[in-house]
Each structure stands twice: as C-alpha cells, then as structure tokens.
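These notes concern the structure reproduced below.
The values are calculated or read from the model by the stated rules, or taken from the named source; none is laboratory data. Note that the structure is predicted; figures quoted are calculated from it, not measured. Because the Cβ atoms are built from the backbone with ideal geometry, glycine has one as well, and the counts that use them run over all protein chains shown. Accessible surface areas use protein heavy atoms only, side chains included; no ligands, DNA or RNA. Shrake-Rupley method; radii C 1.70, N 1.55, O 1.52, S 1.80 Å.
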Amino acid sequence: MAARLRAGRPAWLTPSVARTEILSGLVVALALIPDAISFSIIAGVDPSVGLFASFTMAVVIAIAGGRPAMISAATGAIALVVAPLAREHGLGYLVATVILGGLIQILLGALGVARLMRFVPRGVMVGFVNALAILIFMAQVPELVDVPWIVYPLVGGALALMVALPRLTKAVPAPLVSIAALTALTVGAHLAVPTVGDRGALPSALPVPGLPDVPFTPATLALIAPYALGFALVGLMESLMTAKLVDDLTDTRSSKTRESIGQGIANIVTGFFGGMGGCAMIGQTMINVKAGGARTRLSTFCAGAFLMILCIVFGPLVSQIPMAALVAVMILVSVGTFDWHSVTPATLKRMPIGETTVMAVTVAVVVATHNLAIGVVVGSLAAMVVFARRVAHLAEVTSAADPEGGHVIYAVTGELFFASSNDLVTRFDYAGDPDHVIIDLSDAHIWDASSVAALDAVETKYAARGKTVEIVGLNEPSAKIHTTLSGELTGGH
C-alpha cells in the first residue's frame, strides 16, 4: 500500500523535484517584477496593477491551467490591447474588460477553440519560436542604451557565470546565482547602475477583491465588448502557442481545452482583484522550463507567490537588483530559444522554399508588429496559400478517344478544390470531341462547390454544342457533394 501511494503521489512532492521547482519559481518571480511594471506603463496604469495581475494569474493558472510549468502573467500583448481603453476611460473599464474577456475565453474554450491549434503548420511554429527569441532579445536592447559603462561588463560577467556554472553543478539554478551575485556586487561596491526600483514603486500590501467601478449598463457592455473580444483572442492564441511550444520542449502533452478555460478563470479572478489581465508569458516560461528545468505546477504557483512576497516583504532589497542581471538572463533565454538549426545553410538547402517562406513571413510580421498573435495568423494564411498553390498542380486531365469514334474518355486525377479546379474548364476540346463525352473521376476527389461548378460549366459548354457528358467513377463523398450541388450553383442556368 505504501509503495502504491508513493508511486501515485505528485512528482513535486519528491524533495529533489520540489527544490528545482521552488528555486525556478523564485527566478521567474524576480524576472516578472520589471516586466510587470513595464507592461503596466504600456497599459497606462499604476505598476501595482500589473504586479497584482502577474500574482493572481500565476497562482490561479497553476491550479486551473492545462499546461504544467507554463507561466501566465501580465504581458505586453494584453497591455497593447487594453491601453486605448484604459487611457480614454480609466482603470474601472479596463478591469471590467478583463472580467468579460475571461468569460469569453471560458466560452471559447468550452466550444473547442483549442482544436484549431492542429491547423498551425510546422513552418509557422518554427517562425513563432524564432520571432519570440528575437523579441526577447530586442526587449533587452533599451536596457543597454545610455547606461553607465559598468553595465556592459556586468552583463558579460553574468552571462559567463550562467554558462559556466551548470558545468560544475546544477543544484542551484544558474540565473538565481547570477542575480544574487550581481546584486551583492553592485550593492557592496556602491555601483550606480539601473535597478528594478528605477522601474516603479513596488506594492506594500496584498490586493483586495472588489467589483469594477463602472456603471452596469448596456452602454458599458457595448463599449468594452470589442476590447474584451480582442483581449480574449490574443490571450488564447499566445497561451495555446506557448503551451504547444512547452509540449515540444518537454516531450509531454497538455490539455489545451483546460488551458483555454483556465486562462479565462485566471483573468476573471485577476479582474476582481483589480489586475490588468494577462496570458501565457513566453519569456518567463522559457526561463522556467529551459533555464530552471521546472516541469510541474509547483513552479508556476511559487512564481506568483514569491512575486508578492518579494514585493511586500523584501521590496527594498528587490528594488536594488541591477537590471543588468535580469537582462543577462533574458539574453541567454533568447539565444537558447532560437531554433538555430532552422537557419543553417544545410537545412535551408533541403527545406522546400514554401516552408522557408512561411517561417520568414511569420518572423517578419511578428518582429514588425511586436504581436505574436498577428504573426501566427498571417503565417498560417501564408501556409494555406503555399499549400493551395502546391496541390493545385496535382489535378491532371488526360484523354483517350474511342477507336470507332463514338466517344472520348477524359480521366481526371488528383484533388479537385477551388485552386485546382479553376482551369479545369480549359482542359477539354469542346469543338473537336464526338457527341458523347465520358469524364472518369475514379482517381479524383471532389472537395468543394468550386469543383462542382467547374464540372457544371464543362457540361454546359458541351450541351451548347449538342453533346452529352457522362460523369463516372465518383467515390461516395464526391458523389454526395456532386449530387447535392450540381445544377444549383448558378440558379439552374
């Protein structure tokens, strides 16, 4: 019985796993503080609003989410969506938007929006990862401009420490050691460098739940609904893409439906606690999973809990952490996140040009817009175009005449859909063929109305010359769609 209980207990109860999870959560919490403050500034709200959101999102999603070890908190994408509303109408309307957005996410999750992830092709996923790495790196550049010269050797030293330490021991996360070492050095040597405290004041008390300060009227709903829908879609897309990325990194599967609903629950709770909402935070997730080695929900919960403890209990000490230490951590994460194999000459030479184009389009759009969701949508559309162009050439038409001249047989092979059937009408000799024409579709498949319309057009052209067309060889699905739609697509003309 004892052995059975040990076998069934959660992995995070194992001391070695718990140590890894707790320490990784601490590193993530330290990295969350300046980012949450920055995103609050983008959204036009007090820094505490972003910090409260990061706290509640991480704690709730650790329980309700479908992807263990993934970090959800206040993000730049969400900040950009809600910034116009917060700027023009105030915090109350922002909070109401977060709550409504969470409800929409729960609805979308229940309706199965997570299943759409299967339509994201590999080229888009690789582009998503590479663009993410570039954005993480680009976000650190402002921290390296117009700063004291000592910042550069501090960043270099932190990077060297994080690369070298894992070769000696992995008992303590290298990023945590680097942050502690640089903080001790800058404080002890009285070095005047940018610190976490320069980004904004940390909260001194826990958030208090309450209702948003808005009139509960149809006019309010009409105002916040478009923002809430955008909030829900952007948040779900980033979260589901991040969950898929973590699945690949850890060779495990996660429930995307549960994650979608969990994101909604977390945002509703965040809204009632006065937070700005959020979604999966890709950079911090990479710190947790790749740099920290975390694999369970405990690390996510600890990240949120430590965030508030650090702010409220150790605020003065945390404020003295040099930004150079956090910049070094994120630079290392960006380098580790980038899929370098995807851009090697050998890979590019073997990869179909369409796949490379989709990856490049995804990267370009994400970097240009700073919005991962837009990049994924545009990349997926590009992949669809590439696929359509590729399979459009797979439909072939060959003819064989009856030796006695009584009829001609056209054999159509391949997949017939809107792209491949467009030029089908031009592949027949309407004037020169005999009076009876047979179109054999034994090796073809009809997928859509465009193909049925094309076959109708062929029949119409032959009928105008007094000739008959017989279509044979339809498989069951093709016969069903052809019987249903033939003659109905142009009003019978």
Inset, instruction - Express in whole angstrom the spacing between the alpha-carbon centres of the range 67-142 and the range 415-468. - result: 47 Å
Inset, instruction - Enter the angle in degrees (range 0 to 90, nearest 10) between the Cα long axis of helix 122-140 and the first principal axis of the Cα atoms of the chain, meaning the one along which they spread out most. - result: 30 degrees
Legend entry - Extension gain, Met351 back to Lys480 (0.36 nm per residue minus Cα-Cα distance, nm): 42.6 nm
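Give me the percent of Cα-Cα pairs in the range 1-156 that sit more than 18 Å apart, rounded to a whole number. Don't skip to the answer; put the middle values down first.
Numbers: 8840 of 12090 pairs.
Above the 18 Å cut-off, the range 1-156 has 73 percent of its Cα pairs.
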Inset, instruction - Give me the distance between the Cα centres of the range 239-290 and the range 184-235, rounded to whole Å. - result: 18 Å
Legend entry - Hydrodynamic radius by Kirkwood, which averages 1/r over all alpha carbon pairs of the range 182-244, in angstrom: 16.9 Å
Legend entry - Per-q log10 I(q)/I(0), the range 80-197, q = 0.19 Å⁻¹ (Debye; single scatterer per alpha-carbon; no solvent): -1.05
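Dividing the convex hull volume of the alpha carbon atoms of the range 244-363 by its residue count, what do you get in Å³ per residue?
In the range 244-363, the Cα convex hull volume per residue is 160 Å³.
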Inset, instruction - Give me the distance in nm between label points sitting 7 Å out from Cα along the Cα-to-Cβ direction at Ala160 and Val141, one decimal. - result: 2.6 nm
Inset, instruction - Can you give me the P(r) profile for the range 269-316? Cα pairs, bins 5 angstrom wide beginning at 0, each as a whole percent. - result: 5, 16, 19, 26, 20, 11, 1
Legend entry - Nitroxide proxy distance, nm - points 7 Å out along Cα→Cβ at Ala360 and Glu88: 3.9 nm
Legend entry - Radius ratio Rg over Rh of the range 230-282, counting only Cα atoms, Kirkwood formula for Rh: 1.01
Inset, instruction - Output the peptides 66-72, 178-184, 166-172 sorted from most to least packed, where packing is the average of other Cβ atoms within 10 Å over each peptide's residues. - result: 66-72, 178-184, 166-172
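What's the FRET efficiency of Arg167 with Thr344 using the Cβ-Cβ distance as r and R₀ = 22 Å, to the nearest 0.05? Intermediate values should be presented prior to the final figure.
Details: r = 25 Å, r/R0 = 1.14.
E(calc), rounded to 0.05, equals 0.30.
Could you work out Rg/(2.2 N^0.38 Å) for the range 354-493, with Rg from alpha carbons only?
Ratio of Cα Rg to 2.2 N^0.38 Å: 1.35.
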Inset, instruction - Specify which residue in the list Phe428, Gly101, Ala291 is farthest towards the positive end of the charge dipole of the chain, using unit charges on the beta carbon of Lys, Arg (+1) and Asp, Glu (-1), about the Cα centre. - result: Ala291
Legend entry - Extension gain (nm, one decimal) between Ser204 and Ala222, 0.36 nm per residue minus Cα-Cα: 2.9 nm
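Set the Förster distance to 25 Å, then compute FRET efficiency between Ala400 and Asp423 from the Cβ-Cβ distance, nearest 0.05. Can you show the working numbers first?
On the way: r = 20 Å, r/R0 = 0.82.
Approximately 0.75, to the nearest 0.05.
How would you order 201-211, 448-458 from highest to lowest mean count of nearby Cβ atoms within 10 Å? Before the final figure, lay out each step's value.
Numbers: 201-211: 13.2, 448-458: 19.5.
Output ranking for 201-211, 448-458: 448-458, 201-211.
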Legend entry - Simple Cβ-charge dipole of the chain, Lys/Arg +1 and Asp/Glu -1, about Cα centre, in debye nearest 20: 2200 debye
Legend entry - Shape box of the range 304-402 [Cα atoms, principal axes, largest first, Å]: 92, 28, 23
Legend entry - Calculated on alpha-carbon atoms, Rg and Dmax of the chain in Å: 29.0, 102
Legend entry - Along principal axes, Cα extents of the range 15-54, largest first, whole Å: 42, 13, 9
Legend entry - Dipole magnitude of the range 420-493 about its Cα centre (Cβ charges: Lys, Arg +1; Asp, Glu -1), debye to nearest 20: 180 debye
Inset, instruction - For the range 130-186, go through all pairs of different Cα atoms, get the mean of 1/r, take its inverse, and jot down that Kirkwood value in Å. - result: 12.7 Å
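Please report, largest first and rounded to whole Å, the three semi-axes of the ellipsoid equivalent to the range 142-251, where each semi-axis is the square root of five times an eigenvalue of the C-alpha gyration tensor. All intermediate terms of the calculation are to be shown ahead of the outcome.
Details: eigenvalues 323, 114, 45 Å².
So the three semi-axes of the range 142-251 are 40, 24, 15 Å.
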Inset, instruction - Measure off 7 Å from each Cα along the Cα-to-Cβ vector at Glu470 and Arg115, then give the distance between these two points in nanometres to one decimal. - result: 4.2 nm
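Leaving out ligands and nucleic acids, and using a 1.4 Å probe, what accessible area per residue does the chain come to in Å²? Each step should come with its number before you reach the end.
Details: 22370 Å² over 493 residues.
Accessible surface, normalised per residue, equals 45 Å².
Let's see if you can work this out: charge +1 on each Lys and Arg Cβ, -1 on each Asp and Glu Cβ, no other charges. What is the dipole magnitude of the range 347-485 about its Cα centre, in debye to the nearest 20?
On the way: 9 positive and 16 negative charges, 168 e Å.
So the dipole magnitude of the range 347-485 works out to roughly 800 debye.
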Inset, instruction - Classify the range 161-200 as rounded, prolate or oblate from the Cα gyration tensor: take a ≥ b ≥ c as the square roots of its eigenvalues, call it rounded if a/c is under 1.5, otherwise prolate when a/b beats b/c and oblate if not. - result: prolate
Legend entry - Cα gyration tensor, the range 86-150 - rounded (a/c under 1.5), prolate or oblate: oblate
Legend entry - Sorted largest first, extent of the range 205-314 alpha carbons per principal axis (Å): 47, 35, 19
Inset, instruction - Using a 10 Å cut-off on Cβ atoms, rank the peptides 233-244, 460-471 from the highest mean neighbour count down. - result: 233-244, 460-471
Inset, instruction - Calculate how many DSSP beta bridges within the chain are antiparallel, expressed in % of all such bridges and rounded to the nearest 5. - result: 40 percent
Inset, instruction - Rank Pro212, Leu26, Ala400 by how far each Cα sits towards the positive end of the charge dipole of the chain (+1 on Lys, Arg Cβ; -1 on Asp, Glu Cβ) and give me just the farthest. - result: Leu26
Inset, instruction - For a label point 7 Å from the Cα of Leu249 along Cα→C-beta, name the residues of the range 63-104 whose backbone N is under 15 Å from it. - result: 67-73
